[in-house]
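Trainee: Take a look at this one; I'll ask things after.
The values are calculated or read from the model by the stated rules, or taken from the named source; none is laboratory data. Only a predicted model underlies this, so the values are computations on that prediction, with no experimental measurement involved. When we count neighbours, we look across all protein chains shown, and the Cβ atoms used for this are built from the backbone with ideal geometry, even at glycine. Just so you know, the surface numbers come from the protein's heavy atoms only, side chains and all, with ligands and any DNA or RNA stripped out. Shrake-Rupley method; radii C 1.70, N 1.55, O 1.52, S 1.80 Å.
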Amino acid sequence: MADHMEGGRDTREHGGSSPGGDVAVAIDLGGTNLRLGVVERSGDVIHRKKQATPGSRDAILRAIGALVGDGIAHCGDARRPVAGVGISTGGQVDYATGVIVSATALIPDWSNVPLRDVIGGEYHIPVFADNDGNCAAAAEKIFGRGKRLRDFLCLVLGTGIGGGVYVDGKMLRGAGNFAGELGHVSVDAGGPECSCGGRGCVELYASGSGIARWAGEDTHLRRLSGPHGELTSKIIGEASRAGDAHATALLKAAGERLGLAAAGMVNVFNPECIILAGSLLELGDPYLSEFRSTVLRRAMKAPVRGLGIERSQFPQEGGILGAAALVFEEAAV
């Protein structure tokens, strides 16, 4: 009895947990939304909930705990044993300990949080937590285009740039579990200072926020700002499609910077494929075509030979599916 009750909730009446469970309770924590999904091993999401991300650490932890409880209860009602809980979150995560080490300003007070122990202690169920970039890569490996690959990069292109790296069929985590910060490869040593402390990171030029920042330096593009002064990558993309030469030139430059960073990654990791995910895929060309041509032109000939560059099958679902993939990947070990 103590194994199920002491210091936490009894999960047996709600389906319980089992290493061979056929569903995962998945949590995706972003700066705007907090989402729950109950995910089958096939990748089908059979139960969902979404709410606004709370504004404080304690409120976020309470909300995650409540959503996990909802997911476990749903599995109990459906008589589906739960393999575990996976949590995808922004920020740097020590995967080995499940501690959020530091986080983006979009998630308030979200540093030094022992997330795995808090949620695992509440429900006495295996809990796995990782950053959203690694989760997107795990989603591809377990459910998507990465299933057939052993060596690949996953680049997530959104407000920022993240991603993950698989080498010889395993996630590359590094000595301190902080590998895979693909958005913080510098493409301009004298460029602007980044939130990471470096300068000229590719995220400052080729992410949604980076494109908006860069556009703000152009007098012509500043005139495209919305009624409240907002200038976004979406606005730049729409202007480019409408024939604005300045917007098109900026997107080509952003795609080139992204391609320069990725070409270096190709030289280092020699992947079979680069998988692209995230909301910026909606920009289309010239951003993506310039990215592709730059990678193929600037990477060394041997590692780029036969390199695939593909779009994710689920560019917006990497968080939920990636959180579930953490559970199923560990269960397969």
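Trainee: Can you tell me which condition ARG311 does not meet? The list is (1) within 23 Å of SER88 (Cα to Cα); (2) buried (at least 16 other Cβ atoms within 10 Å of the Cβ), and all the others hold.
Mentor: (2) is the only condition that ARG311 fails.
Trainee: If we scan segment 193-216, do we find a residue that is in a loop (DSSP other than H, G, I, E, B), in contact with a Cys (Cβ under 7 Å, 6 or more places away or on another chain) and surrounded by fewer than 20 Cβ atoms within 10 Å (Cβ to Cβ)?
Mentor: Of all residues in segment 193-216, those in a loop (DSSP other than H, G, I, E, B) come to 194-198, 200, 202, 207, 216.
Narrowing the set further to residues that are in contact with a Cys (Cβ under 7 Å, 6 or more places away or on another chain) leaves 194.
Keeping just the survivors that are surrounded by fewer than 20 Cβ atoms within 10 Å (Cβ to Cβ) gives 194.
Yes, the conditions are met somewhere in segment 193-216.
Trainee: Give me the pairs: first residue in segment 226-240 and farther than 12 Å from SER209 by Cβ and outside any loop (DSSP other than H, G, I, E, B), second residue open to solvent by 20 Å² or more (accessible area, probe 1.4 Å) and polar (S, T, N, Q), beta-carbon distance under 8 Å, and six or more apart or on different chains, which are they?
Mentor: The qualifying pairs are ILE235/SER225; SER240/THR248.
Trainee: Which ones in segment 312-333 are outside any loop (DSSP other than H, G, I, E, B), closer than 21 Å to GLY162 by Cα and either hydrophobic (A, V, I, L, M, F, W, C) or modelled with pLDDT under 95 (or both)?
Mentor: Our first condition is that a residue be outside any loop (DSSP other than H, G, I, E, B); within segment 312-333, this holds for 318-332.
Then drop every residue that is not closer than 21 Å to GLY162 by Cα, which leaves 318-327, 329.
Passing the criteria: GLY318, GLY319, ILE320, LEU321, ALA323, ALA324, ALA325, LEU326, VAL327, GLU329.
Here's the yes/no breakdown for (1) open to solvent by less than 10 Å² (accessible area, probe 1.4 Å); (2) not in a loop (DSSP other than H, G, I, E, B):
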position	(1), (2)
GLY255	yes, yes
LEU258	yes, yes
ASP285	no, no
LEU288	no, yes
THR294	yes, yes
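Trainee: Identify the residue in segment 291-326 that is in contact with a strand residue (DSSP E or B) (Cβ under 7 Å, 6 or more places away or on another chain) and among the charged types (D, E, K, R) and, among all such residues, is farthest from ALA136 (Cα to Cα).
Mentor: ARG292
Trainee: With (1) under 15 Å from LEU260 (Cβ atoms); (2) open to solvent by less than 10 Å² (accessible area, probe 1.4 Å) as the list, and ASP188 as the residue in question, which single condition is left unmet?
Mentor: The one condition ASP188 does not meet is (2).
Trainee: Given the condition open to solvent by 10 Å² or more (accessible area, probe 1.4 Å), in contact (Cβ under 8 Å) with a residue 24 or more places away in the chain, part of a strand (DSSP E or B) and not basic (Lys, Arg), answer yes or no: does some residue in segment 147-157 qualify? Lay out the reasoning, then the answer.
Mentor: Step one: filter segment 147-157 for residues open to solvent by 10 Å² or more (accessible area, probe 1.4 Å), giving 147-148, 150-151, 156.
Those still in the list that are in contact (Cβ under 8 Å) with a residue 24 or more places away in the chain too: 150-151, 156.
With part of a strand (DSSP E or B) added as a condition, the list becomes 156.
Going one step further and asking which of them are not basic (Lys, Arg), we end up with 156.
Within segment 147-157, one or more residues are open to solvent by 10 Å² or more (accessible area, probe 1.4 Å), in contact (Cβ under 8 Å) with a residue 24 or more places away in the chain, part of a strand (DSSP E or B) and not basic (Lys, Arg).
Trainee: Based on this model, can you work out whether ASP132 counts as open to solvent by 60 Å² or more (accessible area, probe 1.4 Å) and touching a strand residue (DSSP E or B) at 6+ places or on another chain (Cβ under 6 Å)?
Mentor: Yes, satisfied.
Trainee: Residue pairs, Cβ under 8 Å, 6 or more apart or interchain, first in segment 188-209 and more than 18 Å from LEU251 (Cα to Cα), second open to solvent by 40 Å² or more (accessible area, probe 1.4 Å) and part of a loop (DSSP other than H, G, I, E, B). List them.
Mentor: Listed pairs, sorted by first residue: SER195/THR104; SER195/ALA105; CYS196/GLU181; ARG199/ASP188; ARG199/ALA189; ARG199/GLY190; ARG199/PRO192.
Trainee: What's the total number of residues in segment 194-233 that are modelled with pLDDT of 95 or more and out of contact with any helix residue (DSSP H, G or I) (no Cβ under 7 Å at 6 or more places or on another chain)?
Mentor: 2
Trainee: Tell me, which residue of segment 161-177 that is in contact (Cβ under 8 Å) with a residue 24 or more places away in the chain and over 21 Å from VAL266 (Cβ atoms) is surrounded by the most Cβ atoms within 10 Å (Cβ to Cβ)?
Mentor: Restricting to residues being in contact (Cβ under 8 Å) with a residue 24 or more places away in the chain and over 21 Å from VAL266 (Cβ atoms), the top hit is ASN177.
Trainee: Which condition breaks for ARG223 when tested against (1) in contact (Cβ under 8 Å) with a residue 60 or more places away in the chain; (2) more than 23 Å from THR294 (Cα to Cα)?
Mentor: (1)
Trainee: Report yes if LEU288 is touching a strand residue (DSSP E or B) at 6+ places or on another chain (Cβ under 8 Å) and under 25 Å from MET171 (Cβ atoms), otherwise no. Outline the logic, then answer.
Mentor: Details: touching a strand residue (DSSP E or B) at 6+ places or on another chain (Cβ under 8 Å): yes; under 25 Å from MET171 (Cβ atoms): no.
Considered against the rule, which asks whether it is touching a strand residue (DSSP E or B) at 6+ places or on another chain (Cβ under 8 Å) and under 25 Å from MET171 (Cβ atoms), LEU288 comes out as no.
Trainee: Cβ-Cβ under 8 Å, sequence separation 6+ or interchain: first residue in segment 94-107 and under 17 Å from LEU61 (Cα atoms) and in contact (Cβ under 8 Å) with a residue 40 or more places away in the chain, partner buried (at least 20 other Cβ atoms within 10 Å of the Cβ) and among the small types (Gly, Ala, Ser). Which pairs?
Mentor: THR104/GLY90; THR104/GLY160; LEU106/GLY90; ILE107/GLY90
Trainee: Any idea how many residues of segment 78-125 are closer than 21 Å to ASP22 by Cα, open to solvent by less than 30 Å² (accessible area, probe 1.4 Å) and assigned to a loop (DSSP other than H, G, I, E, B)?
Mentor: Number of matching residues: 1.
Trainee: Filter segment 153-177 down to residues that are of a type in the set (Phe, Trp, Tyr) and more than 19 Å from GLU330 (Cα to Cα), then give me how many there are.
Mentor: Of the residues in that region, 0 qualify.
Trainee: Applying the selection to segment 23-77, what residues are among the acidic types (Asp, Glu) and either surrounded by fewer than 16 Cβ atoms within 10 Å (Cβ to Cβ) or outside any strand (DSSP E or B) (or both)?
Mentor: GLU40, ASP44, ASP58, ASP70, ASP77 - these are the residues of segment 23-77 that are among the acidic types (Asp, Glu) and either surrounded by fewer than 16 Cβ atoms within 10 Å (Cβ to Cβ) or outside any strand (DSSP E or B) (or both).
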